[in-house]
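Below: one structure, written as structure tokens.
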Amino acid sequence: MLDLVQKPLLQAGFQCVRIDGQYSIKQREKALSIFANDTCCTIMLASLGSGGEGIDLISANHVHLLEPHWNPMAEEQAIARVYRLGQQRQVTATKYITPDSIEEVSTIYLGLFVKVATS
């Protein structure tokens, strides 16, 4: 999914960085530093596994979840990387779900599961 998103962003002239399972810790740290410090770099593409844990992204304020995750807490944790102590701006999170797809069905079932688990 990140490949599908990254290519048109670069073609449109956006500067972005990317972190996913293919990148070493050193490459991740470099991407995070560029994203936090380079005002021209306004987009970070990250897989939930790489971008959802152990990093601080308060330099961002928009989260776009492009793929559903089987564990809704993984999505919450990814949003929490942006919405945390030190964040000065309003944070928005958008989750994209393709209508009439397995994503839509799984999202409905996950919502029911969370509702039952928390009641």
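Amide H of Leu45: which non-local residues (sequence gap of 5 or more, or other chain) have their own amide H closer than 5 Å, using H built in the peptide plane?
Those lying under 5 Å, H to H, from Leu45 are Val17, Arg18, Ile19.
Where does each of Ile102, Ile79 land when they are ranked from fewest to most other beta-carbon atoms within 10 angstrom? Kindly include the intermediate steps, with their values, before the conclusion.
Details: Ile102 9, Ile79 17.
Fewest to most other Cβ atoms nearby, the residues stand as Ile102, Ile79.
Between 0 and 90 degrees, rounded to the nearest ten: what's the tilt of helix 2-11 against the longest Cα principal axis of the chain?
Taking Cα atoms only, the helix is inclined about 40 degrees.
Fully extended, how many nm does the chain gain between Gln88 and Gln22 (0.36 nm per residue separation, minus their Cα-Cα distance)?
Details: separation 66, 0.36 × 66 = 23.76 nm, distance 3.14 nm.
Result: 20.6 nm gained on full extension.
How do Met1, Met44 rank when sorted from fewest to most other Cβ atoms within 10 Å of their own Cβ? Provide the component values of the computation, followed by the final result.
Working: Met1 10, Met44 21.
So the residues, fewest neighbours to most, are Met1, Met44.
With θ set to phi - 60° and the Karplus curve 6.51 cos²θ - 1.76 cosθ + 1.60, what are the ³J(HN,Hα) couplings of segment 58-70 in order, to the nearest whole Hz, using x for Gly and Pro?
Karplus values, whole Hz, x for Gly and Pro: 5, 6, 9, 9, 10, 10, 10, 8, 8, 10, x, 10, 5.
In debye, nearest 20: dipole of the chain around its Cα centre with unit charges on the Cβ of K, R (+) and D, E (-)?
360
Give the lysines reachable from Lys115 as a straight Cα distance under 30 Å; neighbours fewer than 8 places away on the same chain don't count.
Reachable lysines: Lys95.
Read through the labelled values [x] 8.6; [y] 7.5; [z] 10.7 and report the label of the one computed as mean projected area of the Cα convex hull in nm² from the structure.
[x]
In nm, to one decimal, how far is the Asn61 label point from the Asn37 one, both placed 7 Å along Cα→Cβ?
For Asn61 paired with Asn37, the spin-label model returns 2.3 nm.
Helix 102-117: angle to the longest alpha-carbon principal axis of the chain, degrees 0 to 90, nearest 10?
The angle comes out near 70 degrees.
Give me, ordered by chain and number, the residues 5 or more places off Ala93 or on other chains with an amide H under 5 Å from its own placed amide H.
Val63
Work out the FRET efficiency for Met73 and Ser101 from their Cβ-Cβ distance, taking R0 = 22 Å, and round it to the nearest 0.05.
Details: r = 22 Å, r/R0 = 1.01.
For R0 = 22 Å, the calculated efficiency reads 0.50.
If you filter segment 39-90 for GluC sites (Glu not before Pro), then keep DSSP loop positions with at most 13 other Cβ within 10 Å, what is left?
Glu53
Where in the chain lies the longest segment free of trypsin sites (Lys or Arg not before Pro) that are both loop residues by DSSP (not H, G, I, E, B) and have at most 14 other Cβ atoms within 10 Å?
Details: sites that count: Arg84, Arg89.
The segment 1-83 is the longest one with no such site.
Kindly write out, for segment 29-39 in residue order, the coupling ³J(HN,Hα) from the Karplus curve 6.51 cos²θ - 1.76 cosθ + 1.60 (θ = phi - 60°), rounded to whole Hz, with x marking Gly and Pro.
Working through the residues one at a time gives 4, 5, 4, 4, 5, 4, 4, 6, 10, 9, 5 Hz.
Evaluate the relative contact order of segment 2-117 (contact order divided by residue number), counting alpha-carbon pairs under 8 angstrom at least 6 apart; express in whole percent. Mind showing how you got there, number by number?
On the way: 135 pairs, mean separation 24.7, N = 116.
Averaging sequence separation for qualifying contacts and normalising by length gives 21 percent for segment 2-117.
Every number here is computed from the coordinates shown, using simple stated rules; none is lab data. Every value quoted in this text rests on a predicted model; they were computed, and no experiment measured them. Glycine gets a Cβ as well: all are built from the backbone with ideal geometry, and neighbour counts include every protein chain shown.
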